[in-house]
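First comes the structure, then the notes that go with it.
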Amino acid sequence: MSNRVEVPLEGHPGMEWIIAEIWDQAKKTGDALEDALRQRLDRIGQIRELRRIDAALPQLSSTAARLARSSDLFICGRPYGGERHWPEILEALLFEVCAPVICLPPAVERPPIPRTIVVGWRDTSDCANAIKAALPFLKAAETVHLVCIADSTSDEERRLDPSADMARHLSRHGVAVDVRHLPHWHRAGEGLMNEADLVGADMIVAGAYGHSRWREWILGGATRELLSEARVPVFLAR
């Protein structure tokens, strides 16, 4: 667990006292969160390790990235939207470590085991890597929908149909896949979320940042849409 501290600029009269007070309040908040989390972990009864980090944001990002290198999965709150949880940490995980991440929407306190999963598919390395990282969830699911949102309707694209290859690949891992081709959506993220609502999905799996972060920040993109608006947990990898 991590406890973020916002430290104002130093150099003003009384600023040392203000900084000390901020750190003190942050420590009390962290103590309460740590105690609640330890109680929940004690009820699980499995082997676990709870490591607490009190730091300002730049240190949190680098520490989270370092710890993710020896972890299978990183779970965090949604980085955009009304409940904003430190997009800098998420980007450090995805770009510095290429760690798989699950982002939880604010309304989900105890996410259910995903029985129905929507997988966003395009013939790109980030989508393929996300599927590989999500295989344990896909194998355990009852229903997996491989959702292809068309970028074009060319005869060549239809002839190649790389979604069929991915469906066969997943079947070799024991994952039965329903391939769903959707007409072009102006916003691919919106199309995935709409499909998740239609099939009652418990999770969306997607490749993260098919375009550059700068382009997605300026113009928007499927990743940012999912991380701002999705009502179910989103599994991301690059």
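Bear in mind these aren't lab numbers, they're just calculated from the coordinates by the rules spelled out. In this text the structure is predicted, and so the values were computed from the model without any measurement. Note that we place each Cβ from the backbone using ideal geometry, even for glycine, and neighbour counts take in every protein chain shown.
Tabulated results
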quantity: Overall dimensions of the range 21-65 as given by Cα atoms, namely Rg and Dmax in Å; calculated: 12.7, 37
quantity: Most to least packed among 88-99, 27-38 [average Cβ atoms within 10 Å]; calculated: 88-99, 27-38
quantity: Inter-probe distance in nm under a simple model that places probes 7 Å from Cα toward Cβ, at Thr143 and Thr124; calculated: 2.7 nm
